[in-house]
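Notes for the one structure printed next.
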Amino acid sequence: MSKYINPFTDWGFKRLFGQEFSKDLLISFLNDLFEGELHIKDVTFKDKELIPSSKNIRGSIFDIYCETDDGKHFIVEMQNRWVPLFINRSICYASEAIAVQRERERTKDNPTLYQLVPVYTVCLMNYQPKEETAINKFKTDVMLREKKSEIAFTDKLRFIYISLPFFKKKQEECVTDFDKWIYVLKHMEVLERIPFTAQKKIFEKLAQLADCRNLDSEEKAKYNASRDAIDDYYSSLVGAWIEGKSDGEVVGKAIGLKKGLAEGMKQGMAQGMKQGMKQGIEQGEMSKSISIAKKMLASGMPQSQVIEMTGLSQEQVQKLLS
């Protein structure tokens with residue numbers, strides 16, 4: 001077992017970002033994510049639901065009520081699992097959080113049905129969703145705006161997608177606090193120690209909570225089950241793609257990708273064999289020319305005649321004399 005937990009398992013994700021005892025980690029992470037745009041002073045977990053089973057395709061998703069220093073409130077919906085048509089699903093989940101607010105207002109004596117609290121969806125993804133071409137960089141921050149304006153039309157819906165495969169920085173290149181968060185989360189499972197603890201004290205608690213040696217037997221069992229579940233989930237998904245047992249647009253694309261790879265390998269092998277044969281012939285002809293040139297030079301034939309008869313360059317012939 002690695003020294004530190006995998007933060008992208010459901011259990012690991014919930015332990016670090018979805019529990020009362022670790023909410024200072026969440027506050028620090030979100031404040032660094034928003035980079036001074038706002039400052040969260042407290043969070044409240046909306047639901048106390050248990051970590052979903054491996055059959056729940058939504059993965060680990062939980063809603064957090066956030067309060068800023070200046071008294072503003074908003075909801076952050078955190079999620080960490082890839083599912084087919086990921087962007088569409090994240091829009092649906094955020095819309096549900098909006099709709100639930102309205103339904104709750106209906107039960108009040110003096111409802112304000114459309115006084116909505118903003119919903120920010122933060123997707124921390126340790127993968128690159130290939131079918132989602134809109135996510136083509138490390139941080140994709142999406143808000144509603146008027147088409148010809150850069151000004152936000154409303155702050156009620158916002159989506160922030162963090163795709164870790166696009167994060168290429170080395171440890172010494174991490175300057176901002178958010179860079180340091182992402183570096184640690186991306187590499188946590190293979191780290192021997194958590195870096196940046198001297199510059200960022202909250203990472204001392206992160207190291208403590210993520211250290212597998214600090215887990216009791218029940219926690220270890222839950223973590224191992226969560227790790228196995230995520231492995232099984234992706235294995236079954238890939239297996240369905242390969243065998244063609246699933247339907248839908250995403251699977252079609254996966255099958256197309258498989259065929260494309262097969263065709264690419266076929267073409268690549270053919271091209272490689274052709275190129276290899278060509279290079280082999282050229283090398284063979286070169287070796288033969290060099291051998292003949294050596295004999296000509298040994299017999300005292302002038303360099304000019306050797307060059308003319310073998311096709312070698314003057315430089316090549318001179319090297320044979322050295």
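The values are calculated or read from the model by the stated rules, or taken from the named source; none is laboratory data. Remember, predicted model here, so these are calculated numbers, not experimental data. All Cβ positions, even for glycine, are placed from backbone atoms using ideal geometry, and neighbour counts span all protein chains on display. Remember, those area values only see protein heavy atoms, side chains included, never the ligands or the DNA or RNA. Shrake-Rupley method; radii C 1.70, N 1.55, O 1.52, S 1.80 Å.
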>> If Leu209 meets every condition in (1) out of contact with any Leu (no Cβ under 9 Å at 6 or more places or on another chain); (2) crowded, with 17+ Cβ neighbours inside 10 Å apart from one, which number is that one?
In response: (1)
>> Name the residue that is farthest from Pro195 (Cα to Cα), counting only residues in the stretch 1-47 that are open to solvent by 10 Å² or more (accessible area, probe 1.4 Å) and polar (S, T, N, Q).
In response: Thr44
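For (1) modelled with pLDDT of 95 or more; (2) closer than 20 Å to Asp24 by Cα; (3) open to solvent by less than 20 Å² (accessible area, probe 1.4 Å); (4) in contact with a strand residue (DSSP E or B) (Cβ under 7 Å, 6 or more places away or on another chain), each residue gets a yes or a no:
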site	(1), (2), (3), (4)
Ile160	no, no, yes, yes
Lys168	no, no, no, no
Trp181	yes, yes, yes, no
His187	no, no, no, no
Ile194	yes, yes, yes, no
Asp232	no, no, no, no
> Taking Leu157 and the conditions (1) touching a residue at least 60 places away in the same chain (Cβ under 8 Å); (2) closer than 13 Å to Leu33 by Cα, which numbered condition does it fall short on, given that it satisfies the others?
Replying inline: (2)
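Can you tell me how many residues within the stretch 155-186 are assigned to a helix (DSSP H, G or I) and of a type in the set (Phe, Trp, Tyr)? Don't jump to the end; show me each part of the working.
First pass over the stretch 155-186, keeping only residues assigned to a helix (DSSP H, G or I): 164-166, 171-173, 177-186.
Narrowing further to those that are of a type in the set (Phe, Trp, Tyr): 166, 178, 181, 183.
Residues that pass the stated criteria total 4.
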